[in-house]
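Student: Take a look at the following structure, please.
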Amino acid sequence: MYVAWVVTTIPIDKNLFDSAEKYSGPAGVIEAESYIKKDTLKTFFNFAKGPTFEKWLSQALEKNEVELEKNRLYFLKTIELPSSVWNHCTKIYCLQNMLSFEEIPSVFWKGLIGVEDNRFVSHMGVDPKSILRALVTDIKKMKLEQGGSTLTQQLIKNLYLTNDKKFIRKFKEMILSMYFENKFSKEEILEIYFNEIEWGALQGIKIKGIHAAVLMYFNKKMTEVEPYEAAIIISMLKGPYYYSPLRHQERLRKRADIVFKKLQDLDMFSKNDKSWGDVEWEAWSKKLDLLKQGHSYKAFWRMRKETFKKSDFEKYSMIYSSQKLLERIKEKVGNKDFAIKFMIGNIEKDEVSGFYSKYERSKVAGLSKEIHQIGSTIKPILYNIYRKEGVSKDDMVETAPLTFNLKSGTWQPREAVKDLEELIPVEEALIKSLNRPNLRLAQNIGFEKVEEQLESYISGIKKPLAEYPAQLLGAVELTIEELYSVYKKFFIDNCINGKEDNWVIEKLSDPKNTTIRKVVSKDLENMKFFGKTGTTNNGYDNWFVGFDGTELIILWVGFEGVKNTKDLRVYGSSSAFLLYQDFVTDRGKRFGDMSCQFSEASL
């Protein structure tokens with residue numbers, strides 16, 4: 001009765017493994033005339049079905065599909081990426097891709113049997129000889145120290161039981177192991193073992209299963225693993241953290257040498273197979289240091305959790321770039337409470353998706369409920385109002401200080417740019433995102449007129465505008481979703497359905513002249529795209545609005561902790577825009593020049 005009770009209390013079922021999805025759909029296409037960093041694509045290929053990256057690259061170069069330029073690939077033809085593997089791990093920050101027994105190289109399961117349980121093929125889950133040997137040791141030491149565990153027992157303990165060194169736990173383990181052996185074949189047990197055992201963690205991601213272990217520690221596919229590398233992976237099973245290559249490499253090296261030699265003696269490995277020396281261990285140590293500091297594994301994990309409407313590779317590229325940027329900011333400001341939010345979509349097709357870097361929090365709340373001060377991203381909307389009121393880009397406007405006598409007190413707006421001429425063209429005030437000329441133009445037109453038109457974009461502005469002029473410098477709080485809606489209307493009204501030349505959009509579509517001119521890359525500096533940065537609250541809120549004629553993106557990079565008056569020295573141009581730049585130049589899509597679709601009547 002006890003045996004029956006133990007068996008019925010454990011949910012042993014292999015249907016999960018039989019039905020587990022191995023691959024997702026197509027990972028997307030890489031378009032001709034686009035660039036991708038070689039290392040980015042190599043890591044993504046390791047997560048994909050099909051050939052190794054090196055084999056694919058060799059064939060692509062031979063077929064004249066790509067050109068290799070230092071660490072970048074330039075695509076001469078459009079190619080389809082192989083489908084990427086699935087993540088079956090249900091835990092947070094964990095990677096696992098289940099393999100069938102046939103997909104696991106024999107070097108692993110032969111090696112595991114040779115080291116851990118050389119009578120695995122003959123016993124029925126419990127090995128009497130090993131138990132007797134362990135029992136003698138335990139009696140001598142008067143405590144349960146050695147368990148004589150078979151591979152099946154190890155698997156049962158990891159899946160269903162605890163590590164308690166108690167006889168009752170050991171008895172349950174033996175009962176379940178024998179039941180397991182009766183229910184499943186040896187191949188199925190090995191398959192489950194290699195899919196379910198954990199191998200530590202890297203980049204903050206738990207490593208579950210042999211596929212993830214090989215990929216994450218060696219950055220290669222299963223078929224590329226060498227015998228000594230297999231010995232290292234097998235050696236870590238004794239204790240993934242005790243034998244961690246990141247913290248206890250010397251300890252791991254000693255065990256790997258022993259395991260490798262034993263497997264050679266058992267003819268599991270050839271006598272011609274070579275072990276590693278100092279050179280190989282030092283080289284791997286350096287690679288691990290780079291991997292430890294990287295973001296690729298966390299980006300792939302997050303990619304599998306995201307639902308925004310992009311291909312796998314585009315999602316991976318955007319998330320990878322986001323993580324790199326956050327790490328740079330944290331190193332600069334010494335604070336870990338920065339986050340990234342964005343909304344991106346095709347405004348004509350009404351397709352929009354969002355992202356929030358803090359996975360543990362609600363994305364819906366982050367994008368549609370939490371408000372942020374929008375800063376200078378309001379200025380293109382205002383200059384478009386001025387344009388409609390007859391202001392020309394060539395008109396001159398004063399830069400002198402202004403004083404507003406408000407009910408709340410006297411207010412004198414500051415200017416970040418120094419040494420300005422007394423009079424400058426309106427277009428210069430726009431592209432330099434100046435404060436005083438902006439306010440003076442609104443004052444000249446009349447705050448009531450500006451208020452009426454501004455309210456059609458931002459319904460919640462404080463009125464009368466004449467008493468709250470700081471709103472014209474961006475002292476307005478909106479959600480990411482609301483600012484996306486503002487700019488969607490702006491571009492539909494003035495670009496897609498526009499009937500006249502719009503100099504506001506035109507002037508902000510030349511990156512060599514706007515607020516991003518000092519940080520724009522050579523790849524983008526000659527391209528035409530609308531771009532507007534925004535920085536407010538001493539760098540606690542940083543923005544970039546980008547539009548290429550089809551796709552609109554609103555990017556926010558900011559601090560979400562308790563704010564104070566400290567200047568963080570983070571800007572929209574050095575944070576949100578750099579993320580946009582990384583994404584659009586490394587996602588495998590052509591970046592075409594923007595053009596507003598004006599009607600024939602305006603030509």
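The values are calculated or read from the model by the stated rules, or taken from the named source; none is laboratory data. This structure is a prediction, so every number in the text was calculated from the model and none was measured. Don't worry about glycine lacking a Cβ; one is built from the backbone with ideal geometry, like all the others, and counts go over all protein chains shown.
To keep it simple, each residue is scored yes or no on (1) closer than 24 Å to ASP265 by Cα; (2) acidic (Asp, Glu); (3) within 21 Å of the chain's Cα centre (by Cα); (4) in a strand (DSSP E or B).
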position	(1), (2), (3), (4)
ALA201	no, no, yes, yes
ALA212	no, no, yes, no
LEU215	no, no, yes, no
LYS220	no, no, yes, no
THR223	yes, no, no, no
ALA231	yes, no, no, no
GLY239	yes, no, no, no
PRO245	no, no, no, no
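Student: Within segment 349-432, which helices (runs of 4 or more DSSP H) (wholly inside it) include 3 or more residues that are of a type outside the set (A, V, I, L, M) and closer than 25 Å to VAL545 by Cβ?
Tutor: 363-368, 379-388
Student: Let me ask another. Is it the case that some residue within segment 336-343 is surrounded by fewer than 22 Cβ atoms within 10 Å (Cβ to Cβ) and free of Cβ contacts under 8 Å to residues at least 60 places away in the same chain?
Tutor: Checked against the condition, which is being surrounded by fewer than 22 Cβ atoms within 10 Å (Cβ to Cβ) and free of Cβ contacts under 8 Å to residues at least 60 places away in the same chain, segment 336-343 yields at least one hit.
Student: Yes or no: PHE108 at pLDDT 90 or above, more than 23 Å from PHE313 (Cβ to Cβ), in a helix (DSSP H, G or I) and not assigned by TED's automatic domain parsing to the domain that holds ASP582?
Tutor: Against the criterion (at pLDDT 90 or above, more than 23 Å from PHE313 (Cβ to Cβ), in a helix (DSSP H, G or I) and not assigned by TED's automatic domain parsing to the domain that holds ASP582), PHE108 qualifies.
So that you can scan it fast, the table gives a plain yes or no per residue for (1) closer than 18 Å to TYR320 by Cβ; (2) crowded, with 22+ Cβ neighbours inside 10 Å:
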{"site": "VAL519", "(1), (2)": "no, no"}
{"site": "LEU524", "(1), (2)": "no, no"}
{"site": "MET527", "(1), (2)": "no, no"}
{"site": "GLY534", "(1), (2)": "no, yes"}
{"site": "PHE547", "(1), (2)": "no, yes"}
{"site": "VAL557", "(1), (2)": "yes, yes"}
{"site": "VAL562", "(1), (2)": "no, no"}
{"site": "TYR571", "(1), (2)": "no, no"}
{"site": "TYR580", "(1), (2)": "yes, yes"}
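Student: Would you check if there is a residue in segment 409-428 being hydrophobic (A, V, I, L, M, F, W, C), surrounded by 15 or more Cβ atoms within 10 Å (Cβ to Cβ), within 26 Å of THR479 (Cβ to Cβ) and modelled with pLDDT of 95 or more? Spell out the reasoning first.
Tutor: Taking segment 409-428 first, the residues hydrophobic (A, V, I, L, M, F, W, C) are 411, 416-417, 420, 423-424, 426.
In the following step, the residues that additionally are surrounded by 15 or more Cβ atoms within 10 Å (Cβ to Cβ) were identified as 420, 424, 426.
After this cut, where a residue has to be within 26 Å of THR479 (Cβ to Cβ) as well, the list is none.
Within segment 409-428, not a single residue is hydrophobic (A, V, I, L, M, F, W, C), surrounded by 15 or more Cβ atoms within 10 Å (Cβ to Cβ), within 26 Å of THR479 (Cβ to Cβ) and modelled with pLDDT of 95 or more.
Student: Just give me the residues in segment 478-496 being touching a residue at least 60 places away in the same chain (Cβ under 8 Å) and loosely packed, with under 15 Cβ neighbours inside 10 Å, in sequence order.
Tutor: Across segment 478-496, the qualifying residue is only ILE492.
Student: Checking ARG436 against (1) touching a His at 6+ places or on another chain (Cβ under 9 Å); (2) closer than 21 Å to GLN412 by Cβ: exactly one of these is not met. Which one?
Tutor: Status for ARG436: all satisfied but (1).
Student: Taking ALA32, is it more than 30 Å from TYR193 (Cα to Cα), part of a loop (DSSP other than H, G, I, E, B) and among the hydrophobic types (A, V, I, L, M, F, W, C)?
Tutor: Considered against the rule, which asks whether it is more than 30 Å from TYR193 (Cα to Cα), part of a loop (DSSP other than H, G, I, E, B) and among the hydrophobic types (A, V, I, L, M, F, W, C), ALA32 comes out as yes.
Student: Within segment 450-472, count every residue that is at pLDDT below 95 and crowded, with 20+ Cβ neighbours inside 10 Å.
Tutor: The qualifying residues number 0.
Student: Restricting the search to segment 582-592, which residues are farther than 24 Å from SER376 by Cα, among the charged types (D, E, K, R) and surrounded by fewer than 21 Cβ atoms within 10 Å (Cβ to Cβ)? Steps first, answer last, please.
Tutor: Just the residues of segment 582-592 that are farther than 24 Å from SER376 by Cα, to begin with: 585-592.
From what is left, the residues that are among the charged types (D, E, K, R) are 586-587, 589-590.
Correct list: ARG590 only.
Student: Next up: What are the pairs, 6+ residues apart or on separate chains, where a residue within segment 48-61 that is over 28 Å from MET98 (Cβ atoms) has its Cβ under 7 Å from a residue that is surrounded by 14 or more Cβ atoms within 10 Å (Cβ to Cβ)?
Tutor: ALA60/VAL66
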